[in-house]
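One structure below.
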Amino acid sequence: LRESYPEGPRMLTATFRNKTSDFQVTVAHAPPEKRKGGEAETEAQLKKEKYEFRQCLRKHARIGSRRKGRVLLIDANATGGKGVRCKFFGPVGAEKENENGAFMREFGEEEKMGAVNSYRWDTMGTGTETWYGSSNGVPKRVDYVVLSRRLLRHVTYAGCPESLWIAPTGQKLDHSPVKVSVRLPPMRAPKKKEEEGKVKWDRRAMKDKRKM
C-alpha cells in the first residue's frame, strides 16, 4: 500500500505497488435510484447527490487513467445490460437498465472499463443478483467489480460464496459479496534513453566503407 485517501463522502481510493504491477483500487457507493418519500425536497436532494457523485467519479477517472491498472468496487445501485449493446455490461445476467445503469454504461464506455461480474459468473447453482429488496422481494444485481477492459482477459474467477448468495427465498441479506481474482500482468520496464553525445556505431556501414 502506497497511499489511501477519500475522494468525497461516497468514495475512497488506495494505490498499491508490488514487483510486478502498479494499480489503484477505488471503493464507491452511488446514491440510490429512488428514495422513499417522494417529496419535492427529497427528490431535489437526491438529484444533487447523484450529480455530485457522478462528477466526483468522472474527476477520479481522469486522474487515475494514467495508472496501469484500475479497479473500481462499486455499489452502483445500477441495473443494466438487457437490450442495450455496450462494452461495459457483458451478457451474463442482463437486466432492464435503470437511470444509474445508463450512467454506468456511459461512464464505462468513456473510460474503456467493464463490469467483470456481468462478463462471467463462476459460482455454480446461483443467480448473479447481489442485492435483495426486502420491500418488494425482488433480487437484483447492483454491485460490480469494474476493471479496465484490457484487464478483463486476465480475470481467473468471478462469483460469490454460495453460502452468502442472496436467494429469492430463504436468506435475505442486504448485499452479497462479489469476489474477483485477477492475474495482473507484469509492469514493463521503461525504455532507457540514450546518453547525450554518445556515438552509436553502425558496424554494417563501417564494413561497407572498408570495401570501398
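The values are calculated or read from the model by the stated rules, or taken from the named source; none is laboratory data. Keep in mind that what you see is a predicted model, and the values were worked out from it rather than measured. In this analysis, Cβ positions are derived from the backbone assuming ideal geometry, glycine residues included, and neighbour counts consider all displayed protein chains. Calculation scope for accessible area: heavy atoms of the full protein, side chains included, ligands and nucleic acids excluded. Shrake-Rupley method; radii C 1.70, N 1.55, O 1.52, S 1.80 Å.
Count the lysine pairs in the range 1-103 whose Cα atoms sit under 22 Å apart, keeping only pairs 8 or more residues apart in sequence or on different chains.
20
Please list, in chain and number order, the residues 5+ apart from ASP22 or on another chain whose amide H is under 5 Å from its amide H, with Hs placed from the backbone.
GLY69
Calculated FRET efficiency, HIS154 and GLN45, Cβ-Cβ r, R0 30 Å, to nearest 0.05? Write down the numbers at each step before the final one.
Working: r = 41 Å, r/R0 = 1.35.
Efficiency computed from Cβ-Cβ geometry: 0.15.
Can you give the accessible area of TYR157 in Å² (nearest 10), computed on protein heavy atoms with a 1.4 Å probe?
About 60 Å², rounded to the nearest 10.
What are the ³J(HN,Hα) couplings of the range 70-77, residue after residue, when phi is run through the Karplus curve with 6.51, -1.76, 1.60 and θ = phi - 60°? Round to Hz, x for glycine and proline.
10, 10, 10, 9, 9, 8, 8, 6
Could you tell me whether the range 1-136 comes out rounded, prolate or oblate from its Cα gyration tensor? Rule is a ≥ b ≥ c as square roots of the eigenvalues, rounded for a/c under 1.5, then prolate if a/b exceeds b/c, otherwise oblate. The partial results should precede the final answer.
Values: a/c = 1.81, a/b = 1.20, b/c = 1.51.
Oblate, since a/c reaches 1.5 and b/c is not below a/b.
Take TYR119, TYR132 and sort them by solvent-accessible surface of the protein heavy atoms, 1.4 Å probe, largest at the top. Working shown, then result.
Values: TYR119 85, TYR132 20 Å².
Correct descending sequence by accessible area is TYR119, TYR132.
Mind listing P(r) for the range 99-162? All alpha-carbon pairs, 5 Å bins, whole percents.
4, 16, 24, 21, 19, 12, 4, 1
Let me understand the range 12-55 better: what is its radius of gyration from the alpha carbons, and its Dmax, in angstrom?
Final numbers for Rg and Dmax: 16.7, 53 Å.
Quickly work out the VAL25-to-LEU12 label distance, labels modelled 7 Å from Cα along the C-beta direction, and quote it in nm with one decimal.
Those two pseudo-labels are separated by 1.1 nm.
How large is the accessible surface per residue of the range 1-123, computed with a 1.4 Å probe and reported in Å² as a whole number?
Working: 7000 Å² over 123 residues.
Ligands and nucleic acids excluded, the result is 57 Å² per residue.
5 Å is the cut-off here: which amide hydrogens, built 1.01 Å from N in the peptide plane, fall below it relative to GLU95, excluding neighbours closer than 5 in sequence?
GLY80, GLY81, LYS82
Heavy atoms of the protein only, probe of 1.4 Å, neighbouring chains included. What is the accessible area of TRP121 in Å², nearest 10?
Its accessible surface works out to 40 Å², give or take rounding.
Can you pull the percent of Cα pairs in the range 49-128 with separation above 20 Å? Present the calculation step by step, with values, prior to reporting the outcome.
Details: 1034 of 3160 pairs.
Result for the distance tail: 33 percent.
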